[in-house]
Amino acid sequence: MRRRVGIVKTVWLPHNGPMHSTLISAPELQRLMDSGAPLRIYDCSFDLMDPQAGRAQYETRHIAGAIHADLDTHLSDKAGPDRASGGRHPLPSRERLARWLGRTGLTPGVQAIVYDRQGANYCGRLWWMLKWCGHEAVAVLDGGLQAWLEAGGATDSGPGPALPDEAAAYPLGPARVGTASTREIASRIGEPGLTLIDARANARFRGEVEPLDPVAGHIPGALNRPFSENLGPDGRFKPAEQLRAEFRALLGQRDPATVVHHCGSGVSAIPNLLAMEVAGLGTARLYPGSWSEWCNTPGVPCARSQVPA
């Protein structure tokens, strides 16, 4: 069995257990559940091409006690006047998110676990958003629901726990993650102090296809690392040493502290951000609006790559 080593700060929660802040394995989660430690588990399964599929997947099978977190309903704000970013999946305000988190029963002393069935694509969003709200004790279940099932973990079906209509909002703290805006990126393109990493598939990055946004291509100067490259054949994140070597090779002489991650709408970029943290390369910033906001902004440059002959 290969050893999975991540760079994780050792912090102890009020229930005298360790805090998990990047990844957690299925056996580690089982031990936490058996210990009676306070937990909140969130199933973030989703399908961009079929937005109702995530809820159906959750109701078919989810980790016992898990709460459904829907990308469109809970983790985005497509109509609100106080949303915190643009793009296809605008961030809700921290206050709006805090109200929903309060309804789920999350408090600062509780370990949060997030997972999905899609290679950490969607649960990474909630992992990042909780840190954005100041909550450090949140970890992605490595390998997702598939790893939980392989480990023999208990599951439920059906609509899941009923949430109260009203509850005290989660008490927001200082954000533990940073963001970059369209204005900042547009004003700093080409500067050595800004390194953009695009998590979309190679063909979308090069501008050969674009199934979701009105313009194909990428932000000039961006590097490309599809988010799926962080996972091994078993669906779990690669070991920290391997991730570190791969990101170092991608960055070359660029400082990891200059990295801003993005993708199509600020969702699939986060596995890259998480992988860099697991690799011990620090907590990079996120461009939440990503390509969907960029390509709809008048006057900003868009690039396409030449396909090698």
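Among rounded, prolate and oblate, which fits segment 51-120 when a ≥ b ≥ c are the square roots of the eigenvalues of its C-alpha gyration tensor, a/c under 1.5 means rounded, and a/b larger than b/c means prolate? Oblate, because a/c is 1.5 or more while a/b does not exceed b/c.
If R₀ is 30 angstrom, what is the calculated FRET efficiency for the pair residue 250 and residue 212, using the beta carbon separation as r and rounding to 0.05?
On the way: r = 24 Å, r/R0 = 0.81.
About 0.80, to the nearest 0.05.
Segment residue 191..residue 156, full-extension length gain: 7.5 nm, with 0.36 nm per residue of separation and the alpha-carbon distance subtracted.
Of 156, 198, 34, the sequence from fewest to most neighbouring Cβ atoms within 10 angstrom is 34, 156, 198.
Among 196, 251, a tally of other beta-carbon atoms within 10 Å of each Cβ gives an order, fewest to most, of 251, 196.
For the chain, what does the relative contact order come out to in percent, with C-alpha contacts under 8 Å and a separation of six or more? If you can, show how the numbers build up before the last one.
Numbers: 626 pairs, mean separation 65.1, N = 309.
Taking the mean separation of contacting Cα pairs over the length of the chain, I get 21 percent.
With an a/c value of 1.5 or above and a/b not larger than b/c for the gyration tensor axes a ≥ b ≥ c computed over the alpha-carbon atoms, segment 182-294 is described as oblate. Close amide H partners of residue 196, meaning residues 5 or more places away or on another chain with modelled amide H under 5 Å apart, are 223, 260.
With the cut-off at 1.5 for a/c, could you classify segment 229-277 from its C-alpha gyration tensor as rounded, prolate or oblate? Verdict is oblate for segment 229-277.
Could you list 277, 241 so that the one with the fewest beta carbons within 10 Å of its beta carbon is first and the one with the most is last?
Working: 277 22, 241 12.
With the sparsest Cβ surroundings first, the list reads 241, 277.
Rounded to the nearest 500, the helix-only mean residue ellipticity at 222 nm of the chain stands at -7500 deg cm²/dmol, with each DSSP H run of n ≥ 4 adding -39,500 (n - 2.57). Taking 79, 186, 66 in turn, the Gaussian network model of the chain (Cα-Cα springs below 10 Å) assigns the largest fluctuation to 79.
What's the local net charge at residue 180, with K and R +1, D and E -1, over the other residues with C-beta under 10 Å away? Residues near residue 180 contribute +2 overall. Residues with beta-carbon under 12 Å from that of residue 69, excluding residue 69: net charge, scoring Lys, Arg +1 and Asp, Glu -1? Spelling it out: positives minus negatives among the neighbours equals 0. Take every Cα pair under 8 Å whose residues are at least 6 apart in sequence, average their separation, divide by the length of segment 85-193, and the relative contact order is 35 percent.
Quick note: the coordinates plus some simple rules give every number you see, no bench work behind them. Quantities reported herein were computed from a predicted structural model and do not represent experimental measurements. Heads up, the Cβs are rebuilt from the backbone with ideal geometry, glycines too, and the neighbour counts pull from every protein chain shown.
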